[in-house]
Amino acid sequence: MAEMRYREALNQALAEELERDPNVFLMGQDISVFGGAFKVTEGLMDRFGEKRIRDTPISENTIVGLGVGSAMTGLRPVIELMTINFSLLALDQIINHAAHVRYMFGGQVSVPLVVRMPQGAGHQLGPTHSHSFEALYLHVPGLLVAVPTTAADAKGLLKTAIRDDNPVIFIEHETLYGQRGEVPDDPDFTVPFGLAAIRREGSDVTLIGISRMAQTAERAAEQLAADHGIEAEVIDPRTLRPLDLDTILESVAKTNRCVIVEEGWPHGGVGANLAALIQEQGFDDLDAPVGRVTGVDAPMPYAKSLEQISFPHEEQVIEATLALFGDRKRASRG
Amino acid sequence: MTDHQLPPSEMSLEWLRSMTLIRRFEERAGEQYTRAKVGGFLHLAIGEEATIVGAVAALRPTDYMIATYRSHGQALARGSEPGRVMAELFGRVDGLCRGRGGSMHMFDLERRFMGGFGIVGGNLPLAAGFGLTSDYLGNDEATLCQFGDGASNQGTFGETLNLAALWSLPVVFMVTNNQFGMGTSLERHSAQTNLQIKGEGFGVPGMQCDGMDVIDTWAVTSEAIRIAREERQPVLVEALNYRFRGHSIADPEDYRTEEEVLEWSKRDPLVTFGDRLVAEGVLNDEQREAIDLEAIEAVDAAVAFADASPEPEPSSLYDDVYVLSDQVRGWYSADHRGASLQKGEELS
């Protein structure tokens, strides 16, 4: 094990896969000389050269289209988009082509493409640079969607994404890049898709945190235990497609209560989808309605005072959790 | 007609056969559409045969060809079996894409026909992606990308031409200027109507060919492909042509006059090329008739093949949404258990 930052873990995953497979290459804006807007690709240009670490013009839709075309013909492109908001420019190529050419051409081709990008609020970047759109991509059959929250998962999931033959939307979080974590040294370390991580075991309630919110849920769980005697089980799904619903349902069967925490908007969100699945599949296990804590239903504001109340913090998670317990647990608050 | 010499007889006859097959296939496809054998939209290439056959003739079998939602002809010219193209129109399992794509989404990997695409302008970045693969792997394969005059107004046109020139990709972009973006005439949709110069600002030189003349299309495309392949310089070719039928079958054609259609039909590429082959003694009227009959028979057989092919089984609905593996075991593992088909559970 080695301690490193989330961005360094991603960098290591890219370097190892570039080393392993000559058909893996990177494309994106300012990823070579500049080292990436968030320095994820720093140093790779010197090591692998400009044929494999390619700076592109600011043409998101066409970059992704180039990725799809090169993936259809044998290469394994890894594309970096500067933020998830910019990926909206590439929705045509991502949905109409990356996700669908295999299906619409009867399985004749595959698209082993990875599109990496950060999302999330917290840096006061306002309404065009800091949204959370995992729900948008979760919606699309044909895509795989990863939302790593730890340095180890960042590395292990990215390596799996690059080796997989399906198009992968790989969603990083802007505020996680500098976080440190333990990462296994083994160059063959990977994290499989479709396997949720249980971050904390508990028997009273299941907290499911999406992307950075897995960490918010973990901190809320510690406070729930300390202040209210509620032992929360915290699940980080790690990938939304495929989704490890089994682990979630097993946990809910044990705890009988569930709160989903996400940074994105409430309508049509990941939580809305998960809540539907849990009540369809685990209705008999539930002692209370499935709770949701989401980002607010507004574009992201610039002002720090407003931005900070636009996405969930521990307090909202605790409040939503206590609401599931009615008076019994509320009483223990004071 | 331009004043090119006729190519060698066997080549000329092959082109005539290929154009005749496309014409007869498209006529029959239109007829099958009116009998409700074909669903959705049907975009016919009647009148555009020379642009297709001349351009494809400039390619090697290892070169990539990519086209638009009007792409039955391109598949046929690349050598796809007419029966499999017709079966795709009928939505049958023996269709080129197993009935998943339909008229607008033909694809034949074996013949490097890399698809018909339904999003106007959406195929240009993919073409550059094929070019990038050729460049990356260091081989001498080239890519030909056909799209319509309407697509030259899409953002992907400028973005892709810029990138192709910037990265010296071996791609020929061919804008088939059939005078209309659906029902909007060229002068009503493009400020620059001389489309061959539309790439110059991006570093992509232009050429023009008579898309109603198979020899001229072949000659100009061949030179463009040579430049792309040997000089690593993308080229924009404008092929001037005309579609004799509406944009799709459901098109009342209020945007053009009968006189205009009549005027262009005098330049019917099949008739003019056939006439010239007869005039220059390459074939006689009987042989010409035989080529036509051969095409009609091939199309008859294609319809019979498509009719006999079964419809896809409901159980195949989720096939090829994903490449299955240990971690993506099927639809279930990527989605939820709500629907009745639980393929992933069967596989796991």
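The values are calculated or read from the model by the stated rules, or taken from the named source; none is laboratory data. Nothing here was measured: the structure is a model prediction, and the numbers come from that model. Every residue, glycine as well, gets a Cβ built from its backbone with ideal geometry; the counts of neighbours run over all protein chains shown. Only protein heavy atoms, including side chains, enter the accessible area calculation; ligands, DNA and RNA are left aside. Shrake-Rupley method; radii C 1.70, N 1.55, O 1.52, S 1.80 Å.
Go through region A:93-143 and count every residue that is under 22 Å from B:Glu110 (Cβ atoms), of a type in the set (A, V, I, L, M, F, W, C) and part of a helix (DSSP H, G or I).
First, pick out the residues of region A:93-143 that are under 22 Å from B:Glu110 (Cβ atoms): A:97, A:100-112.
After this cut, where a residue has to be of a type in the set (A, V, I, L, M, F, W, C) as well, the list is A:101, A:104-105, A:109, A:111.
Filter once more, keeping what is part of a helix (DSSP H, G or I): A:101, A:104.
The qualifying residues number 2.
Taking region A:177-191, which residues are open to solvent by 80 Å² or more (accessible area, probe 1.4 Å) and within 10 Å of A:Ala151 (Cβ to Cβ)?
Within region A:177-191, A:Arg180, A:Glu182 meet the criteria.
Please go through region B:47-94 and pick out each residue that is modelled with pLDDT under 95 and more than 12 Å from the chain's Cα centre (by Cα).
Once the filter is applied, which keeps residues that are modelled with pLDDT under 95 and more than 12 Å from the chain's Cα centre (by Cα), region B:47-94 yields only B:Gly47.
Looking at B:Thr221, B:Thr193, B:Thr217 in this structure, which one is open to solvent by 40 Å² or more (accessible area, probe 1.4 Å), touching a helix residue (DSSP H, G or I) at 6+ places or on another chain (Cβ under 9 Å) and on the phi < 0 side of the Ramachandran plot?
Values: B:Thr221 fails: open to solvent by 40 Å² or more (accessible area, probe 1.4 Å); B:Thr217 fails: open to solvent by 40 Å² or more (accessible area, probe 1.4 Å).
Answer to the selection: B:Thr193.
Can you confirm whether B:Gly115 is surrounded by fewer than 23 Cβ atoms within 10 Å (Cβ to Cβ), closer than 14 Å to A:Gly106 by Cα, at the interface with chain A (Cβ under 8 Å from one of its Cβ atoms) and not hydrophobic (A, V, I, L, M, F, W, C)?
On the way: surrounded by fewer than 23 Cβ atoms within 10 Å (Cβ to Cβ): no; closer than 14 Å to A:Gly106 by Cα: yes; at the interface with chain A (Cβ under 8 Å from one of its Cβ atoms): yes; not hydrophobic (A, V, I, L, M, F, W, C): yes.
For B:Gly115, the condition - surrounded by fewer than 23 Cβ atoms within 10 Å (Cβ to Cβ), closer than 14 Å to A:Gly106 by Cα, at the interface with chain A (Cβ under 8 Å from one of its Cβ atoms) and not hydrophobic (A, V, I, L, M, F, W, C) - is not met.
Within the set of pairs 6 or more residues apart or between chains, which connect a residue that is at negative phi and hydroxyl-bearing (Ser, Thr, Tyr) inside region B:227-242 to a residue that is open to solvent by less than 10 Å² (accessible area, probe 1.4 Å) and modelled with pLDDT of 95 or more with Cβ atoms less than 9 Å apart?
That search, which allows pairs on different chains as well, returns B:Tyr242/B:Gly211; B:Tyr242/B:Met212.
Please give the helices (runs of 4 or more DSSP H) falling wholly within region B:225-314 in which 2 or more residues are modelled with pLDDT of 95 or more and open to solvent by less than 70 Å² (accessible area, probe 1.4 Å). Break it down stepwise before answering.
Numbers: elements: B:258-265, B:269-279, B:285-308.
Passing ranges, in order: B:269-279, B:285-308.
Tell me which of these B:Asn162 doesn't satisfy, since it passes every other one: (1) facing chain A (nearest Cβ under 7 Å); (2) crowded, with 24+ Cβ neighbours inside 10 Å.
For B:Asn162, the exception is condition (2).
Mind telling me which of the residues B:Ala36, B:Ala87 ends up being closer than 18 Å to B:Asp307 by Cα and without any contact (Cβ under 8 Å) to a residue 40 or more places away in the chain?
On the way: B:Ala87 fails: without any contact (Cβ under 8 Å) to a residue 40 or more places away in the chain.
B:Ala36 is the lone residue from the list that is closer than 18 Å to B:Asp307 by Cα and without any contact (Cβ under 8 Å) to a residue 40 or more places away in the chain.
Given the conditions (1) within 13 Å of chain B (Cβ to nearest Cβ); (2) open to solvent by 10 Å² or more (accessible area, probe 1.4 Å), which single one is not true for A:Ala161?
In the conditions (1) within 13 Å of chain B (Cβ to nearest Cβ); (2) open to solvent by 10 Å² or more (accessible area, probe 1.4 Å), A:Ala161 misses (2) alone.
Can you say whether A:Arg292 is modelled with pLDDT under 95 and basic (Lys, Arg), as far as the supplied structure shows? Talk me through it step by step, then tell me what you get.
Details: modelled with pLDDT under 95: no; basic (Lys, Arg): yes.
When the stated conditions are applied, A:Arg292 does not pass them.
What number of residues within region A:29-51 are open to solvent by less than 50 Å² (accessible area, probe 1.4 Å) and at positive phi?
Adding up the residues that qualify gives 4.
Say whether the condition of being under 29 Å from A:Met104 (Cβ atoms), buried (at least 19 other Cβ atoms within 10 Å of the Cβ) and more than 21 Å from the chain's Cα centre (by Cα) is met by at least one residue in region B:178-185.
no
Within region B:87-107, is even one residue within 12 Å of chain A (Cβ to nearest Cβ) and part of a helix (DSSP H, G or I)?
yes
Please go through region A:59-92 and give me each residue that is assigned to a loop (DSSP other than H, G, I, E, B), under 20 Å from A:Leu18 (Cβ atoms) and either more than 7 Å from every other protein chain (Cβ to nearest Cβ) or touching a Leu at 6+ places or on another chain (Cβ under 8 Å) (or both), ordered by number.
Our first condition is that a residue be assigned to a loop (DSSP other than H, G, I, E, B); within region A:59-92, this holds for A:59, A:73-75, A:81-83.
Restricting the remaining residues to those that are under 20 Å from A:Leu18 (Cβ atoms) gives A:73-75, A:81.
Those that are assigned to a loop (DSSP other than H, G, I, E, B), under 20 Å from A:Leu18 (Cβ atoms) and either more than 7 Å from every other protein chain (Cβ to nearest Cβ) or touching a Leu at 6+ places or on another chain (Cβ under 8 Å) (or both): A:Gly74, A:Leu75, A:Leu81.
Just one of the numbered conditions (1) open to solvent by 30 Å² or more (accessible area, probe 1.4 Å); (2) within 22 Å of A:Ile58 (Cα to Cα); (3) more than 10 Å from chain A (Cβ to nearest Cβ); (4) in a loop (DSSP other than H, G, I, E, B) is not true of B:Gly201; which one?
(4)
In region A:61-82, which residues are under 24 Å from the mean Cα position of the chain (by Cα) and open to solvent by 10 Å² or more (accessible area, probe 1.4 Å)?
A:Asn61, A:Arg76, A:Glu80, A:Met82
Which one is farthest from the chain's Cα centre (by Cα) among residues in region B:121-159 that are of a type in the set (A, V, I, L, M) and crowded, with 20+ Cβ neighbours inside 10 Å? It would help to see each step written out before you state the result.
Taking region B:121-159 as the starting set, the residues that turn out to be of a type in the set (A, V, I, L, M) are B:124, B:126-128, B:132, B:137, B:142, B:144, B:151.
Narrowing further to those that are crowded, with 20+ Cβ neighbours inside 10 Å: B:124, B:126-128, B:132, B:142, B:144, B:151.
Working: B:Leu124: 13, B:Leu126: 15, B:Ala127: 13, B:Ala128: 17, B:Leu132: 21, B:Ala142: 16, B:Leu144: 10, B:Ala151: 14 Å.
Only one residue tops the list, namely B:Leu132.
A quick yes/no check of all residues on (1) within 23 Å of A:Gly156 (Cβ to Cβ); (2) assigned by TED's automatic domain parsing to the domain that holds A:Leu176; (3) in contact (Cβ under 8 Å) with a residue 60 or more places away in the chain:
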| position | (1), (2), (3) |
| --- | --- |
| A:Ala13 | yes, yes, yes |
| A:Met27 | yes, yes, no |
| A:Val40 | yes, yes, yes |
| A:Arg52 | yes, yes, no |
| A:Thr56 | no, yes, no |
| A:Asn61 | no, yes, no |
| A:Thr83 | no, yes, yes |
